[in-house]
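Values quoted throughout were computed directly from the atomic coordinates according to the rules given, and no laboratory measurement underlies them. Just so we're clear, the structure is a prediction, and the values are computed from it rather than from any experiment. Here the Cβ positions follow ideal geometry from the backbone for every residue, glycine too, while neighbour counts run over all protein chains shown.
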Amino acid sequence: MALRNIVKNGDDILRKVCRTQMNFDDRLATILDDMAETMYNADGVGLAAPQIGILRRYCVIDVGEGIIELVNPVIEATEGEQEDQEGCLSFPGEYGIVRRPMKVTVRAQDRHGKSFTITGEGLLARALCHEIDHLDGIVYKDRQL
Ligand code: NI
């Protein structure tokens, strides 16, 4: 595994809409491993592919319950509302209040292409929304209250 450079605010790559990941191969597995290592190294709870310069629809999340890998994630349902502080590894040292759903259900594929759904509440719901936003070129600052 290897650490990847995290793209910082101001880089156009954070503003692009990512493309569907079609290949579930060794290259994807390597990048997902690198993303997890990079996220943990930076003390983050999530990292999306565009943040390491790859315009593809996948991300990793760990809110303290173990690593979650999401390839081609789609939000299927949301419930409730929460307002809390949010940060981003691409905006080091900055934080803002963002309104998110309290609960979200996401359908995604794993690194082998197998479909699954995950439901998250609270911080996990926030992280899911934040990372999926990255895949559409949206950063938390766009939603900051
Ligand atoms: Ni972020």
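The table for this structure:
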read-out: Odd one out for GLN51 among (1) away from the ligand (no atom under 13 Å from the Cβ); (2) under 13 Å from the mean Cα position of the chain (by Cα); (3) of a type outside the set (Gly, Ala, Ser); value: (1)
read-out: Where CYS18 falls short, out of the listed (1) in contact with a helix residue (DSSP H, G or I) (Cβ under 8 Å, 6 or more places away or on another chain); (2) touching a residue at least 40 places away in the same chain (Cβ under 8 Å); (3) surrounded by fewer than 18 Cβ atoms within 10 Å (Cβ to Cβ); value: (3)
read-out: Residue in segment 95-113 that is farther than 17 Å from CYS59 by Cα, small (Gly, Ala, Ser) and touching a strand residue (DSSP E or B) at 6+ places or on another chain (Cβ under 8 Å) present; value: yes
read-out: Selection within segment 55-75 - surrounded by 19 or more Cβ atoms within 10 Å (Cβ to Cβ) and among the β-branched types (Val, Ile, Thr); value: VAL60, ILE61, ILE68, VAL71
read-out: Residue pairs meeting the criteria (Cβ under 9 Å; at least 6 apart or on separate chains; first within 18 Å of VAL7 (Cβ to Cβ) and without any contact (Cβ under 8 Å) to a residue 12 or more places away in the chain, in segment 49-72; second of a type outside the set (A, V, I, L, M) and surrounded by fewer than 22 Cβ atoms within 10 Å (Cβ to Cβ)); value: none
read-out: Enumeration of residues in segment 76-101 that are surrounded by 15 or more Cβ atoms within 10 Å (Cβ to Cβ) and more than 15 Å from the ligand (Cβ to nearest atom); value: THR78, GLN82, PRO101
read-out: Within segment 31-48, considering residues that are under 15 Å from GLU131 (Cβ atoms) and in a loop (DSSP other than H, G, I, E, B), the one nearest to the ligand (Cβ to nearest atom); value: GLY44
